[in-house]
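The values are calculated or read from the model by the stated rules, or taken from the named source; none is laboratory data. Since this is a predicted model, take the numbers as computed values, not measurements. Neighbour counts run over all protein chains shown; Cβ positions are idealised from the backbone, glycine included.
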Amino acid sequence: MTAPSPQVLLVEDEPQMRRFLRVALEGAGYRYLEAATGQEGLNLAAQHRPQVILLDLGLPDMDGLDVMAHLREWCQAPVIVISARGQEADKVKALDFGADDYLTKPFGTSELLARIRVALRHADPGAAEEPVFTLGRWRVDLAKRQVLVDGQEVHLTPLEYKLFITLIRHAGKVVTHRQLLKEVWGGVAGAQPLYLRVYMTQLRHKLELEPSRPTYLQTEPGVGYRLRTEE
């Protein structure tokens with residue numbers, strides 16, 4: 001049986017650009033999906049898990065960099081930014097946010113198709129993303145940014161959620177204080193291990209059955225924290 005052709009998701013608000021790329025991508029044999037807003041793009045990425053994502057930065061509902069940040073919480077598919085922003089600083093920022101490549105508008109069809117082929121060659125075929133993480137009483141929909149405990153939604157603040165997602169990304173491994181401060185607070189001046197203790201305490205009270213004796217959000221004394229995955 002022949003394997004299905006790779007699927008490409010385009011997140012772009014300009015109708016003319018969507019029509020142009022639809023013709024180019026379908027003509028090259030790719031399965032094609034399109035979204036006109038960032039949220040629609042996130043929903044389609046979670047539902048269909050495309051092999052490559054083409055992402056515009058100037059979207060009507062949210063900045064493309066925010067879309068990238070949300071995607072990288074659970075999705076490892078190659079992302080190629082296609083944008084009219086051509087300054088070096090814009091390119092560097094997009095790559096720092098997790099983009100795999102950057103094309104400045106206007107660009108030719110041949111170059112885009114070549115970049116897609118390169119992205120597909122470099123992609124890990126075994127890295128199938130799972131946008132839903134489950135553990136014990138928890139169910140975390142990473143695409144919807146929704147956390148459920150025993151089927152009931154639990155509200156986490158943005159920093160609590162970012163800390164929780166960072167531990168999920170490294171589930172089963174010890175994550176050091178330094179690494180958590182860098183990934184959650186981004187190296188903000190003044191961020192220190194005390195912040196981690198405060199936010200970890202808050203997470204335990206919201207997520208653990210016995211916060212004082214946590215089953216999953218475990219402390220590694222003097223080193224950091226670990227999300228225990230063994231039942």
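Assess whether Asp56 counts as being surrounded by fewer than 20 Cβ atoms within 10 Å (Cβ to Cβ), under 14 Å from Val81 (Cα atoms) and either at pLDDT 95 or above or not basic (Lys, Arg) (or both).
Values: surrounded by fewer than 20 Cβ atoms within 10 Å (Cβ to Cβ): no; under 14 Å from Val81 (Cα atoms): yes; either at pLDDT 95 or above or not basic (Lys, Arg) (or both): yes.
The answer is no for Asp56.
Can you pull out the residues in region 29-38 that are touching a helix residue (DSSP H, G or I) at 6+ places or on another chain (Cβ under 9 Å) and surrounded by fewer than 16 Cβ atoms within 10 Å (Cβ to Cβ)?
Arg31
Of the numbered conditions (1) farther than 23 Å from Glu183 by Cα; (2) modelled with pLDDT under 95; (3) not β-branched (Val, Ile, Thr), Tyr30 satisfies every one except a single condition; which is it?
For Tyr30, the failing item is (2).
Tally the residues that are of a type in the set (Val, Ile, Thr) and either touching a Phe, Trp or Tyr at 6+ places or on another chain (Cβ under 8 Å) or over 28 Å from Tyr161 (Cα atoms) (or both), restricting the search to region 63-110.
Step one: filter region 63-110 for residues of a type in the set (Val, Ile, Thr), giving 67, 79-82, 92, 104, 109.
So of that shortlist, the ones also either touching a Phe, Trp or Tyr at 6+ places or on another chain (Cβ under 8 Å) or over 28 Å from Tyr161 (Cα atoms) (or both) come out as 80-82, 104, 109.
Of the residues in region 63-110, 5 are of a type in the set (Val, Ile, Thr) and either touching a Phe, Trp or Tyr at 6+ places or on another chain (Cβ under 8 Å) or over 28 Å from Tyr161 (Cα atoms) (or both).
Inside region 75-158, counting only strands (runs of 3 or more DSSP E) that do not spill past its ends, which hold 1 or more residues that are hydroxyl-bearing (Ser, Thr, Tyr)? Can you show your working first?
Working: elements: 79-83, 101-104, 132-135, 138-141, 146-149.
Passing ranges, in order: 79-83, 101-104, 132-135.
Looking for something assigned to a loop (DSSP other than H, G, I, E, B), buried (at least 18 other Cβ atoms within 10 Å of the Cβ) and either modelled with pLDDT of 85 or more or in the same structural domain as Asp66 (by TED's automatic domain parsing) (or both) - is there at least one such residue anywhere in region 202-213? Spell out how you get there, then give the answer.
Kept after step one, since they are assigned to a loop (DSSP other than H, G, I, E, B), are these residues of region 202-213: 208-213.
From the residues that got through so far, the ones that are buried (at least 18 other Cβ atoms within 10 Å of the Cβ) too are 208.
Next cut, either modelled with pLDDT of 85 or more or in the same structural domain as Asp66 (by TED's automatic domain parsing) (or both) only: 208.
Yes, there is a match, as at least one residue in region 202-213 is assigned to a loop (DSSP other than H, G, I, E, B), buried (at least 18 other Cβ atoms within 10 Å of the Cβ) and either modelled with pLDDT of 85 or more or in the same structural domain as Asp66 (by TED's automatic domain parsing) (or both).
How about region 1-20: which of its residues are crowded, with 20+ Cβ neighbours inside 10 Å and either in contact with a Pro (Cβ under 9 Å, 6 or more places away or on another chain) or modelled with pLDDT under 95 (or both)? Don't jump to the end; show me each part of the working.
So in region 1-20, the residues crowded, with 20+ Cβ neighbours inside 10 Å come out as 8-12.
Within region 1-20, Val8, Leu9 qualify.
Which numbered condition in (1) closer than 25 Å to Cys75 by Cβ; (2) among the charged types (D, E, K, R); (3) assigned to a loop (DSSP other than H, G, I, E, B) is the only one that Glu183 fails?
Checking Glu183 against (1) closer than 25 Å to Cys75 by Cβ; (2) among the charged types (D, E, K, R); (3) assigned to a loop (DSSP other than H, G, I, E, B), the one that fails is (3).
Somewhere in region 194-204, is a residue closer than 24 Å to Ala143 by Cβ, aromatic (Phe, Trp, Tyr) and touching a helix residue (DSSP H, G or I) at 6+ places or on another chain (Cβ under 8 Å)?
Looking for residues that are closer than 24 Å to Ala143 by Cβ, aromatic (Phe, Trp, Tyr) and touching a helix residue (DSSP H, G or I) at 6+ places or on another chain (Cβ under 8 Å), one finds at least one in region 194-204, hence yes.
What number goes with the only condition from (1) at pLDDT 90 or above; (2) under 22 Å from Arg49 (Cα atoms); (3) crowded, with 16+ Cβ neighbours inside 10 Å that Arg117 does not pass?
(3)
I'd like to check something: does region 70-86 contain any residue that is more than 30 Å from Phe133 (Cα to Cα) and without any contact (Cβ under 8 Å) to a residue 24 or more places away in the chain?
yes
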